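These notes concern the structure reproduced below.
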């Protein structure tokens, strides 16, 4: 049974050591910590992390590849490290002192509806109480200085996601256009759709909210939370 | 380890020492801070720009009008006291070769004696020990203060600079100077031609390898001018290039005219070396 979900972005700059003297991502990180606390408050037995990746797979715990992004520390081959989305989740869970068992999954960034449904089916309907931590970013094309330059369609796309997460609208997330998401450099489409599909298998969110939504560096970061169990 | 005014600085910390001349005729500023008012203004400005140390000098290095010890004291002692009163935490250095002057300025609040003429007056190290001051031990090749090099030759200028400065530092430590406060300086252009100064810069890592803190005084000097064929006033870029190389080799103290520019170069080199995080990194990480 899925008791709740938390949605967090996964830019490398959430890893504190990567932004030098200034902690530029502090407000985003604080919001992420907040939704992790809300998720934990739903009393899950286990956390399942789902984030975008090159392929769909379950992962065992592995090092956070901070060095690959320029940080200090021992070099770890990227093949032996967590993919970025899971690595950021791992770091957030470490920062908040998570003590629950954690399961780590990636869903391919280009997963189609069938693949999304398969991953979701593996997460729903379990006997234990599950908290889903869903890692995904919005468009990286939200300004002329954004990583992917400006694409005006980004705003409508990200607004759709924002509204869907804030209202617990699983159908709206299911309906996101995969091809458009790829053009807009959206790193969260498949992961959000896995969340929507898994929750839909069991019913619908009973409450939903967005705790942070902004694009300080041209990429849309969305932090939100769903509770899925009537109290 | 470098210790100044009771504070410890690790090997990766670079300090900027701003030059404050109480002279009428120094080569770079030509008397701009001869009067008390402009000199104190200069101290305020360099502190504001990030100077860690001020180096106050009453006699220009080049030959010129003779300044006796009494006149030198008149130029620097009361000024040191005034700077100490206004800046209780600032590290104050005085550029002098005379023991009597060294004693007077330490009593007025100086922390560091910059013996730019390489132990010409052996009493200066004794004063540093007695007064608990730090000492800069420089290499001049044994020339008399305020004389220019003329046909100077070395078997190996770097070896000579190391042997001379380390010997002075060891003597100072034996007299009682704190080992972490016995600084060595190859003294670019002092008793050296441009080739010698360039080689000292190129091989500065050999001086750093002695384990003693190293000071360099590169600012606008003739070795920069001759290298680039530029007059005083147009040597900042060359000075900063030499600063970057020295920082890469591990020198810790930089005696300079231009503080803000030097600080920027030292910060940049420290970030390249990986001992200082960049101020703010977002590019490619969003």
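Scan B:55, B:68 and give me the residue that is on the phi < 0 side of the Ramachandran plot and exposed (fewer than 14 other Cβ atoms within 10 Å of the Cβ).
On the way: B:55 fails: exposed (fewer than 14 other Cβ atoms within 10 Å of the Cβ).
Every option except B:68 fails the conditions.
Against the list (1) within 13 Å of the chain's Cα centre (by Cα); (2) over 30 Å from residue B:273 (Cα atoms), the condition residue A:92 fails is (2).
Taking the condition in contact with a helix residue (DSSP H, G or I) (Cβ under 8 Å, 6 or more places away or on another chain) and over 25 Å from residue A:206 (Cα atoms), does residue A:6 pass? Criteria not met by residue A:6.
Of the residues making up segment A:145-168, those that are over 22 Å from residue A:204 (Cα atoms) and either more than 14 Å from chain B (Cβ to nearest Cβ) or touching a residue at least 12 places away in the same chain (Cβ under 8 Å) (or both) number 12.
Residue count for segment B:142-177 satisfying the condition of being closer than 23 Å to residue B:126 by Cβ, at pLDDT below 95 and touching a helix residue (DSSP H, G or I) at 6+ places or on another chain (Cβ under 9 Å): 1.
Hey, does segment B:261-268 have a residue that's free of Cβ contacts under 8 Å to residues at least 60 places away in the same chain and within 14 Å of chain A (Cβ to nearest Cβ)? Can you show your working first?
Quick first cut of segment B:261-268, residues free of Cβ contacts under 8 Å to residues at least 60 places away in the same chain only: B:261, B:264-265, B:267-268.
Next cut, within 14 Å of chain A (Cβ to nearest Cβ) only: B:267-268.
The answer is yes; a qualifying residue exists.
Which one of A:133, A:92 is touching a residue at least 60 places away in the same chain (Cβ under 8 Å), surrounded by 14 or more Cβ atoms within 10 Å (Cβ to Cβ) and either within 14 Å of chain B (Cβ to nearest Cβ) or not in a strand (DSSP E or B) (or both)?
Details: A:133 fails: either within 14 Å of chain B (Cβ to nearest Cβ) or not in a strand (DSSP E or B) (or both).
After applying the criteria, what remains is A:92.
Among the residues making up segment B:207-260, those that are in a loop (DSSP other than H, G, I, E, B), over 13 Å from the mean Cα position of the chain (by Cα), in contact (Cβ under 8 Å) with a residue 12 or more places away in the chain and under 23 Å from residue B:169 (Cα atoms) are B:210, B:212, B:250.
Only a single item in (1) under 17 Å from residue A:211 (Cβ atoms); (2) loosely packed, with under 14 Cβ neighbours inside 10 Å; (3) within 13 Å of chain B (Cβ to nearest Cβ) is not met by residue A:25, and it is number (2). Scoring residue B:160 on the criteria (1) buried (at least 18 other Cβ atoms within 10 Å of the Cβ); (2) within 18 Å of the chain's Cα centre (by Cα); (3) farther than 22 Å from residue B:93 by Cβ leaves a single failure, condition (2). Filtering segment B:21-51 to residues that are under 19 Å from residue B:254 (Cα atoms), without any contact (Cβ under 8 Å) to a residue 40 or more places away in the chain and touching a strand residue (DSSP E or B) at 6+ places or on another chain (Cβ under 7 Å) leaves B:21, B:42.
On the given criteria, is residue A:4 modelled with pLDDT of 95 or more and over 18 Å from residue A:195 (Cβ atoms)? No; evaluated as a whole, the condition is false for this residue.
Give all pairs with beta carbons closer than 6 Å in which a residue from segment B:163-179 that is in contact (Cβ under 8 Å) with a residue 24 or more places away in the chain meets a residue that is surrounded by fewer than 15 Cβ atoms within 10 Å (Cβ to Cβ); count only pairs at least 6 apart in sequence or on separate chains. Note: pairs meeting the criteria are B:166/B:210.
Please specify each residue of segment B:163-195 satisfying the condition of being on the phi > 0 side of the Ramachandran plot and within 18 Å of the chain's Cα centre (by Cα).
Kept after step one, since they are on the phi > 0 side of the Ramachandran plot, are these residues of segment B:163-195: B:176, B:187, B:189, B:191.
Answer for segment B:163-195, where residues must be on the phi > 0 side of the Ramachandran plot and within 18 Å of the chain's Cα centre (by Cα): B:187, B:189, B:191.
For residue A:86, are the conditions met, namely being assigned to a helix (DSSP H, G or I), under 17 Å from the mean Cα position of the chain (by Cα) and modelled with pLDDT of 95 or more? Considered against the rule, which asks whether it is assigned to a helix (DSSP H, G or I), under 17 Å from the mean Cα position of the chain (by Cα) and modelled with pLDDT of 95 or more, residue A:86 comes out as yes.
Among the residues making up segment A:34-60, those that are touching a helix residue (DSSP H, G or I) at 6+ places or on another chain (Cβ under 9 Å) and either at pLDDT below 95 or surrounded by 14 or more Cβ atoms within 10 Å (Cβ to Cβ) (or both) are A:36, A:47, A:48, A:49, A:50, A:51, A:52, A:53, A:56, A:59.
Right, residue A:139: within 14 Å of the chain's Cα centre (by Cα), within 14 Å of chain B (Cβ to nearest Cβ) and modelled with pLDDT of 95 or more or not? Outline the logic, then answer.
Values: within 14 Å of the chain's Cα centre (by Cα): yes; within 14 Å of chain B (Cβ to nearest Cβ): yes; modelled with pLDDT of 95 or more: yes.
The answer is yes for residue A:139.
Taking the conditions (1) surrounded by 22 or more Cβ atoms within 10 Å (Cβ to Cβ); (2) within 14 Å of chain B (Cβ to nearest Cβ) in turn, residue A:67 satisfies each one other than (1).
The values are calculated or read from the model by the stated rules, or taken from the named source; none is laboratory data. Since we're looking at a predicted model, the values are computed, not measured. We place every Cβ from the backbone using ideal geometry, glycine too, and count neighbours over all the protein chains shown.
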